[in-house]
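What follows is one structure encoded as structure tokens, with my remarks underneath.
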Amino acid sequence: MTSSWRVAELWRVAVACIAMQAVVACGDNESPSGPGTGSLKVTVATTGADLDPDGFAISVDNGQAQAVPINGSVTIGSVPSGSRSVALTGLAPNCTADPGTRTITVAGGAEATVNFSVTCVAAQGAVQVTVQTTGDAPDPDGYAASLDGGPSQAVGVNGAVAFPAVAAGPHSVTLAGLAAGCVVNGSNPRPVDVTTGATVPLTFAVVCSTATGSIAVAVATTGDEVDASGYLVSVDGGTGAVVPANGSLSVPSLTAGPHSVQLLDVAANCEVTGQNPQTATVTGGASTPVAFQITCSSARILFISTRDGNFDLYSSNRDGSSVQRLTTTAASEDAPAWSPDYSKIAFASNRGTTGYDIYVMNADGSGATQLTTADDDDNFPSWSRDGSKIAFTSNRDGNDEIYVMNADGSGQVNLTNNAAKDQVPAWSPDGVHLAFQSDRDGATGRFEIFTIQADGTALTKIVSSPAGDFHPTYSPSGLRLLFASTRDDPEREIYVVNVDGTGLQRLTTAASVDNWPTWSPDGTSIAFYSNRDGNSEIYTMDESGGNVARVTNEPQQDLRPAWRP
């Protein structure tokens, strides 16, 4: 019996083992996780405002994180069976999951599920603005604080104001309404970075004082053709005071607070580096420094020349280098004049069918446009200081007269309307007057220098002589006139005179023709043409007639110089 029982028992065990193997085999076919692992399905549901745009992350037992949508699910396979810790991470500061970590039991061959609920609130914080005022003259009515240029809130001289519900991120707070004599220490407006759920403190320290302060302006100029007359310093749009090109100036008795400091009368060949105007905050009893850096470049001289055949327009550096030919037509050009901003050139040319007419082109010689089309000659253009008008000489009415037109050629008006010859106009820097040569008070062809207002009134004779005076041109200051004359020599020489006719001075004495004088933009030099070395060339000299230098050196004729910075 014992033997039979043992056989039966062995058979039962064998059947049980076979059954167990079948179950295991079936389990392998149905679960990818295997008998010692399971899977984990994580579902996230997010509600509220300002939902996290980049989703969250899931990690099991602090392992490698896996992305999960803010509203969605993810399944993680091959999770070892047993108790597991599941964490939801990567939440924005305005989002919370309660709880953010769950403990879940994973069964081998089965899928466990875990759900997270996330709530997001608006991503906002607050700004608390505090003002602290010291000094002997506090502002009696307080100040006004504003956020990002929005509506302002009143705040006392030693008080505080809150800006709630401010979106997280960078913002700007401005303290305004400061009385004269009150100054904010530090920047104003002031940046502030708001974080979600937090109140960010921001303090303005204000000093109010009856004491005045000053601004110390320092100017440094480098480069070529530096303006020897310096510049003008204007504070808050007031009358400018002279400061040397390399020097300093103190502006005293200024109330405490911000002031605008501007450098004016900067020559066209010079450029201010950085901001102009600048804002300087003055503190009572102290001097506030302001610095300007200026760079000046070499001047260019425009002239006409026959070096390539007929008269064409050329330009060169002051020393005669870098010559550039600007016109290449078969016609002749004459009397070039720079526009006030030096972007254009007005000139006369006979390239049309009606004699000489006035043209305008770009400074590089491109885009030539004809402005006048009269049957007779129009010549000697001159720009007004603001660039809106061009004066010129025309004999369209039977004799030479001074005409004025708009810079586009419209509105051509006879300004002088006299039986004599009125020629070669030159605008004053302020645009009020025109100087010109005329034989109206002398023998025909004996010219004298006159001025007239731009409306045709207030005719005034400046200089006269038994010989002739020609081609007047204003100094950049508008206080003097250059001209050529035969009063002391049968050949033309160059003279300068005050605009009231006083202070006549002869500048050249060569036994040759010195003609067509023109000022440099800074008023320190003069260009002219002369045949003192055999044929007509361009020369320069300083404003007193010294330091004569030859600019061009060609066997042909170089005439009619015109400066530009």
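The values are calculated or read from the model by the stated rules, or taken from the named source; none is laboratory data. Only a predicted model underlies this, so the values are computations on that prediction, with no experimental measurement involved. Cβ placement follows ideal geometry from the backbone for every residue including glycine, while neighbour counts extend to all protein chains displayed.
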Checking A435, A467, A426 in turn, the sole residue that is farther than 24 Å from R564 by Cα and among the aliphatic types (A, V, I, L, M) turns out to be A467
Out of all the residues in region 199-222, is one or more under 30 Å from D319 (Cα atoms) and modelled with pLDDT under 95? yes
For region 64-148, which fully contained strands (runs of 3 or more DSSP E) count at least 2 residues that are touching a Ser or Thr at 6+ places or on another chain (Cβ under 6 Å) and closer than 30 Å to T203 by Cα? 124-135, 143-147
Return yes or no: is V219 under 19 Å from G135 (Cα atoms) and under 28 Å from the mean Cα position of the chain (by Cα)? no
Failed condition for A228, given (1) buried (at least 20 other Cβ atoms within 10 Å of the Cβ); (2) small (G, A, S); (3) closer than 26 Å to I301 by Cβ, with all others met? (1)
Which of the residues spanning region 511-563 are over 15 Å from R492 (Cα atoms), within 39 Å of the chain's Cα centre (by Cα) and of a type in the set (D, E, K, R)? D522, D542, E543, R550, D558
Unique residue being touching a Lys or Arg at 6+ places or on another chain (Cβ under 9 Å) and not assigned by TED's automatic domain parsing to the domain that holds S250 when the list is T174, T134: T174
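Restricted to region 90-106, and to residues that are loosely packed, with under 14 Cβ neighbours inside 10 Å and modelled with pLDDT of 90 or more, which residue is nearest to S59 (Cα to Cα)?
The residue in question is T101.
Yes/no matrix, rows are residues, columns are (1) outside any strand (DSSP E or B); (2) out of contact with any Leu (no Cβ under 9 Å at 6 or more places or on another chain); (3) at pLDDT below 95; (4) surrounded by fewer than 20 Cβ atoms within 10 Å (Cβ to Cβ):
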position: G442; (1), (2), (3), (4): yes, yes, yes, yes
position: G445; (1), (2), (3), (4): yes, yes, yes, yes
position: I449; (1), (2), (3), (4): no, no, no, no
position: S465; (1), (2), (3), (4): yes, yes, yes, yes
position: N515; (1), (2), (3), (4): no, no, no, no
position: D522; (1), (2), (3), (4): yes, yes, yes, no
Select from region 274-304 the residues that are in contact with a Leu (Cβ under 6 Å, 6 or more places away or on another chain) and of a type outside the set (V, I, T) and write down the one among them that is surrounded by the most Cβ atoms within 10 Å (Cβ to Cβ). F292
Selection from region 35-56 of residues part of a loop (DSSP other than H, G, I, E, B) and farther than 19 Å from D98 by Cα yields P35, G36, P53, D54
Please go through region 224-252 and give me each residue that is under 21 Å from the mean Cα position of the chain (by Cα) and touching a residue at least 60 places away in the same chain (Cβ under 8 Å), ordered by number. Y231
Give just the number: which of (1) modelled with pLDDT of 95 or more; (2) buried (at least 18 other Cβ atoms within 10 Å of the Cβ); (3) within 30 Å of G177 (Cα to Cα); (4) under 27 Å from the mean Cα position of the chain (by Cα) does S260 not satisfy? (2)
May I ask you to list pairs of residues, at least six apart or on different chains, whose Cβ atoms are under 9 Å apart, with the first in region 60-89 being free of Cβ contacts under 8 Å to residues at least 12 places away in the same chain and the second being surrounded by 15 or more Cβ atoms within 10 Å (Cβ to Cβ)? Q66/V42; Q66/A57; Q66/I58; Q66/S59; Q66/V60; Q66/V74; Q66/I76
Name the residue, out of G367, G398, that is outside any strand (DSSP E or B), farther than 22 Å from K421 by Cα and not aliphatic (A, V, I, L, M). G367
Test Q124 against the stated conditions and say whether it is loosely packed, with under 15 Cβ neighbours inside 10 Å and of a type in the set (S, T, N, Q). no
Taking region 183-206 and the residues there that are of a type in the set (A, V, I, L, M) and under 33 Å from the mean Cα position of the chain (by Cα), the one that is farthest from C120 (Cα to Cα) would be V183
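Going by the conditions given, is T508 hydroxyl-bearing (S, T, Y), part of a loop (DSSP other than H, G, I, E, B) and either more than 41 Å from the chain's Cα centre (by Cα) or over 19 Å from L559 (Cβ atoms) (or both)?
Answer is yes for this residue.
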Considering each residue of region 406-430, count those that are in contact with a strand residue (DSSP E or B) (Cβ under 8 Å, 6 or more places away or on another chain), part of a loop (DSSP other than H, G, I, E, B) and not polar (S, T, N, Q), and give that number. 7
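If you check V290 against the conditions, is it modelled with pLDDT of 95 or more, in the same structural domain as P252 (by TED's automatic domain parsing) and among the β-branched types (V, I, T)? Show your work before the answer.
Details: modelled with pLDDT of 95 or more: yes; in the same structural domain as P252 (by TED's automatic domain parsing): yes; among the β-branched types (V, I, T): yes.
Yes, satisfied.
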A331 passes all but one of the listed conditions (1) touching a Lys or Arg at 6+ places or on another chain (Cβ under 9 Å); (2) in contact (Cβ under 8 Å) with a residue 24 or more places away in the chain; (3) of a type in the set (A, V, I, L, M); the exception is number (2)
Residue by residue through region 533-544, note down the ones that are assigned to a loop (DSSP other than H, G, I, E, B) and surrounded by fewer than 18 Cβ atoms within 10 Å (Cβ to Cβ). D533, G534, N535, S544
May I ask you to say which residue of T473, T502 is at pLDDT 95 or above and under 20 Å from Y539 (Cβ atoms)? T473
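Results for (1) among the charged types (D, E, K, R); (2) in contact with a Lys or Arg (Cβ under 6 Å, 6 or more places away or on another chain); (3) more than 27 Å from T196 (Cα to Cα), shown as yes or no for each residue.
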position: V60; (1), (2), (3): no, yes, yes
position: Q66; (1), (2), (3): no, no, no
position: S78; (1), (2), (3): no, no, yes
position: G82; (1), (2), (3): no, no, yes
position: T89; (1), (2), (3): no, no, no
position: V106; (1), (2), (3): no, yes, yes
position: T130; (1), (2), (3): no, no, no
Can you work out which of the residues in region 164-182 that are more than 24 Å from V207 (Cβ to Cβ) and over 30 Å from the mean Cα position of the chain (by Cα) is surrounded by the fewest Cβ atoms within 10 Å (Cβ to Cβ)? A165
Return a yes/no flag: does region 118-125 have any residue that is at pLDDT 95 or above, over 30 Å from T75 (Cα atoms) and either in the same structural domain as V68 (by TED's automatic domain parsing) or not hydrophobic (A, V, I, L, M, F, W, C) (or both). no
